[in-house]
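Nothing in this text is a laboratory measurement; each read-out follows from the coordinates by a stated rule. Nothing here was measured: the structure is a model prediction, and the numbers come from that model. In this analysis, Cβ positions are derived from the backbone assuming ideal geometry, glycine residues included, and neighbour counts consider all displayed protein chains.
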Amino acid sequence: MNSEITMDSAIMALVTEKRAVGYKYVAEERVLIRFQEFCHAEFPGLDAPNRASVEAWVAAARQRGVKPSTLQNMAATLRELARFLGRRGVEAYVLPAGTLPRPTRYVAHIYTDQELASLFAQTDRCHYHSLVPFRHLVMPVLFRTIYACGLRASEARLLRVDDVDVNTGVLQIRDAKGGKDRQVPVSAPLLERLAVYHAALAGQPGWEWFFPGATPDVPLTLGNVDKNFRRFLWQARIAHGGRGHGPRVHDLRHTMAVNNVRRWFERGESVNALLPILQTYLGHSSIGDTAYYLHLTAESYPHITAQVQLIVGDVVPPVTQGSRHGD
């Protein structure tokens, strides 16, 4: 074994390598640090993952009730560390594929037009609260922006004031998934809302984040977004299946994509030609991620299944049977 390489130094080197090629590697770093701390406590002196430490770590995670999907992600990160060490001549245990239970695939909830109308109506009724003084201004615009622009929740909540150009109607999305930036043009109705909202907060001292949290200089947290969203769902009488079952905020992004594909079919437009535009708009790294919405559209609107089949083949596999899940 290469005695010059310790687990601590290997973790630092792996994180540095990943970020050098464009990965954020934030959640993964946290996983590695937790594993490192676990080994220091339970397997002192261990310089590389071995079978005993990995299996004990997995068992401890299961005992804590970690979800299968989260456990899969944790295990994938640990495999990266083991392979990183292996390439440097250090023997390390790689957890075999198939060892962990496969998580149940989440099937996106595509909101109906009525559900969207009811949801947004409830955001409009959001009232002032002294602990979150901008909430009643933020919520109606935040969720409409997520839907209308097909944004990931973090892309919306981490918009800075300068990222929203209310003159040209363009959002600057920075350091999104995969470390990519992109520009997203907005529709005229949304631009009008953004401009009114901007004018309402423009005089606030220290206004840094376009959708602020408790104060203008801190952004909304994902927990805050989800908490408000669940309240709006309940008020709109949209059933929620509990944790892991949705509907989720992220399903607004899916719904936006599906509604666009549906309209293209209904208007007789060239879906093949328009998919790359949707890919760019959503910030997908490959057209395959965007093509997922062809399958999802056929599932949600069976009357256009025949049209979808002309593009994707003779069979459109149901989303529930393992077709690719867009992000």
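Size check on the chain: the Cα extents along the three principal axes, sorted descending, read 63, 58, 36 Å.
Just give me a number: lysine pairs in the chain, eight or more positions apart or cross-chain, with C-alpha atoms less than 24 Å apart. Before the final figure, lay out the partial values.
Details: K18/K177; K18/K180; K24/K67; K24/K177; K24/K180; K67/K177; K67/K227; K177/K227.
Summing the qualifying lysine pairs gives 8.
The length gained on full extension between A27 and H303, counted as 0.36 nm times the residue separation minus their Cα-Cα distance, comes to 95.2 nm. Entry for segment 132-235 at q = 0.11, 0.13, 0.20 Å⁻¹: log10 I(q)/I(0) = -0.30, -0.43, -1.06, Debye formula applied to identical alpha-carbon scatterers, no solvent contribution. Between S285 and V196, full extension at 0.36 nm per residue minus the direct alpha carbon distance yields a gain of 28.7 nm.
Modelled spin labels at F43 and S154, positioned 7 Å past Cα toward Cβ, are 2.8 nm from each other.
Put a plus charge on the Cβ of each Lys and Arg, a minus charge on the Cβ of each Asp and Glu, and nothing anywhere else: the dipole of the chain about its Cα centre is then about 660 debye. Compute the Cα gyration tensor for segment 1-70, then decide on rounded, prolate or oblate, letting a ≥ b ≥ c be the square roots of its eigenvalues: rounded whenever a/c is under 1.5, prolate when a/b is larger than b/c in the other cases, and oblate in all that remain. Here segment 1-70 falls in the oblate category. Can you compute the FRET efficiency between E55 and E4 using 1/(1 + (r/R0)^6), with r the Cβ-Cβ distance and R0 = 25 Å? Round to the nearest 0.05. My answer for the efficiency is 0.40. For segment 1-121, the alpha-carbon coordinates run over 64, 34, 24 Å along the three principal axes, in decreasing order. Of P302, P219, P101, the residue with the greatest mean-square motion in the GNM of the chain, using alpha carbon springs below 10 Å, is P101.
Neighbour counting of Cβ atoms within 10 Å sorts the residues F120, F210, fewest neighbours leading, into F120, F210. Ranking H40, A10, L81 by Cα position along the charge dipole of segment 7-86, where only Lys, Arg, Asp and Glu carry charges on their C-beta atoms, puts L81 farthest toward the positive end. Projecting the Cα atoms of S130, G65, P49 onto the dipole axis of the chain, where Lys and Arg carry +1 and Asp and Glu carry -1 at the beta carbon, places G65 farthest toward the positive end.
Spatial offset of segment 164-210 relative to segment 58-92 amounts to 39 Å, using the alpha carbon center of each.
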